[in-house]
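To start, the structure itself, in C-alpha cells.
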Amino acid sequence: MRVLIADDSAFMRRMLTKMFESGRGFEVVGTARNGAEAVAKCAELNPDVMTLDVEMPQMDGLEALRRIRAEHGPKGPAVLMCSSLTEAGSETAIEAMRLGASDVIAKEHLGQGEETATFRAQLLTKVRAIGLQARQSRTQKPPSKPSAAAPSFWRLGDLFKSCRFELVAIGSSTGGPPVLETIVKSITLGDGIPVVIAQHMPALFTRSLATRLDAVGPATVLLAEDGTTVKRGHIYIAEGGKHLRVHRRSGRFLLEVSPEPTDAIYKPSVNELFASVGEACGEHALGVVVTGMGDDGYEGAKVLVERGGKIIAQDEASCVVYGMPRAVTEGGLACVSMDPEQIGKTVDDVVSNNPPESRYRASA
C-alpha cells in the first residue's frame, strides 16, 4: 500500500511514517509539508492513499483535496483527512468528506501511551480499507453499458408490496456522510415518517454532521437525545460514542441513547439500532446499509428481517468500502442493491408515501 503523508508538522510526519513502517504491507513513498507539495507529489508519486492534514501553510488540506480530485478524479488516491478533535475541526472534516475524502481520523493527545496505540490501530485499519478499495476501483473495467435505473418504491414489486413502513433506519461508516447527504437531500416531504441513523464517528463529528444535514432538505435533522419521542418529519442521528435504540411505547416511538454495551466494537452500533427497530416495528421497518468497513449491521439486520422488515444495501461500485453492504448482501438479507441516488429516491418514496392508516401515531 503506497502512502503519501501530508502534514506541516515534522513531528507528525515522523510519527505517521513510523506507524506505517511498523505495520505490514505499507510503504511511505513520500511526505509533504503543505498542500501545494501534496498536490505536486500526488501527481509525481501516484500513491494509493494520502493522509492529508487540514491546517497547513501555503495551501490548506481542503484546497489540496479539491485540486487532487479535479486533477485525478475517481482514479486518484484515497484520502484520509487528519483533523483536530474540535468543533471547527469536525466541521472541516465533514466538508472534506463531501469533497471526496474517504474517511477522517482525529489526531489528539498523540505521544506516548494508550491514546497513541489506539490512533495507530485506527490509522492502519482505515488506510488499509480505503486503499484496497481505491486499488480495486482503478483496476475495474467500466461496465459495457450503463445499468438500468432501479425502480421506484411503488415498482419494486413483491419486495415492498403492501408494506406500510413506520420507520427507516440507516447504518453508515467509512465514506458515509456524502451518501447520507444524498439520501437526506432526496427526501422531499417535511412531515413524512421518521428516520434514524447510526454513523461511525466521534461525538463532535456527528454533531457537525447533524447540523450539515439539517440544512440540505425539508426534514429536521437532530442529534438523538435519550427519552425523545420520535416525530414525523424528523431525522435522528446517533451521537458518536453512544448507542441509539428505538422502543415502542403506547403506539409511539421513544429513543434510547446509552453507552451500553461498552464493549461494542463500534459506538454507535448499527447492530444495536437495527435490532431495536426490528423489535419495535416488525414488518413495518426498512433498514438501509451503506458504505463502511467491517460487518456492523449484519446481526441487527438479521433481527430486523426475521421480524418481517426489509433491507436495502448500497451497491459495490458506489461504495468507498464495501464491507458493511457486502455482509448483508452476501448473507442473503438485502432485498435489493442500489447506488446512493437510487437509495435516496426509494427512501423518499417510503418516507413520503407512508399510508395514513399506518399503525404509527405521530406525536404532536
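The values are calculated or read from the model by the stated rules, or taken from the named source; none is laboratory data. Remember, predicted model here, so these are calculated numbers, not experimental data. As a convention, Cβ positions derive from the backbone with ideal geometry for all residues, glycine included, and neighbour counts pool all protein chains shown.
Condition check ((1) out of contact with any Asp or Glu (no Cβ under 6 Å at 6 or more places or on another chain); (2) hydroxyl-bearing (Ser, Thr, Tyr); (3) within 17 Å of Ala224 (Cβ to Cβ)) across all residues:
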{"residue": "His243", "(1), (2), (3)": "no, no, yes"}
{"residue": "Val270", "(1), (2), (3)": "no, no, yes"}
{"residue": "Ser276", "(1), (2), (3)": "yes, yes, yes"}
{"residue": "Gly287", "(1), (2), (3)": "yes, no, yes"}
{"residue": "Thr291", "(1), (2), (3)": "yes, yes, no"}
{"residue": "Gly300", "(1), (2), (3)": "yes, no, yes"}
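A count restricted to the stretch 30-47 and to residues that are surrounded by fewer than 16 Cβ atoms within 10 Å (Cβ to Cβ) and not in a helix (DSSP H, G or I) stands at 1.
Applying the criterion of at least 2 residues that are under 17 Å from Ala285 (Cα atoms) to the strands (runs of 3 or more DSSP E) found wholly in the stretch 186-266 leaves 195-199, 234-237, 243-249, 252-258. Residues in the stretch 6-29 that are outside any loop (DSSP other than H, G, I, E, B) and touching a Lys or Arg at 6+ places or on another chain (Cβ under 6 Å): 3 in all. When the stretch 101-118 is examined, which residues are found to be without any contact (Cβ under 8 Å) to a residue 60 or more places away in the chain and in a loop (DSSP other than H, G, I, E, B)? If the condition is that a residue be without any contact (Cβ under 8 Å) to a residue 60 or more places away in the chain and in a loop (DSSP other than H, G, I, E, B), then Ala101, Glu108, His109, Gly111, Gln112, Gly113 are the ones that fit.
If only residues of the stretch 119-152 that are assigned to a helix (DSSP H, G or I) and of a type in the set (A, V, I, L, M) are counted, the one that is modelled with the lowest pLDDT is Ala134.
Exactly one residue among Met97, Met50 is assigned by TED's automatic domain parsing to the domain that holds Gln122, in a helix (DSSP H, G or I) and within 23 Å of Val179 (Cα to Cα), and that residue is Met97. Only residues that are surrounded by fewer than 19 Cβ atoms within 10 Å (Cβ to Cβ) and touching a Lys or Arg at 6+ places or on another chain (Cβ under 6 Å) were counted in the stretch 199-219, giving 1. Under the condition of being closer than 24 Å to Gly100 by Cα and not aromatic (Phe, Trp, Tyr), the residues counted in the stretch 294-326 number 17. The numbered conditions (1) in a loop (DSSP other than H, G, I, E, B); (2) at pLDDT below 95 are all true for Glu283 except (1). Is it the case that Ser276 is among the polar types (S, T, N, Q), surrounded by 24 or more Cβ atoms within 10 Å (Cβ to Cβ) and more than 30 Å from Thr86 (Cβ to Cβ)? Yes: the conditions hold for Ser276.
Within the set of pairs 6 or more residues apart or between chains, which connect a residue that is hydrophobic (A, V, I, L, M, F, W, C) inside the stretch 327-340 to a residue that is at pLDDT 95 or above and part of a helix (DSSP H, G or I) with Cβ atoms less than 6 Å apart? Qualifying pairs under 6 Å: Ala327/Tyr298; Val328/Tyr298; Val328/Ala301; Leu333/Ala301; Leu333/Val305; Ala334/Val328.
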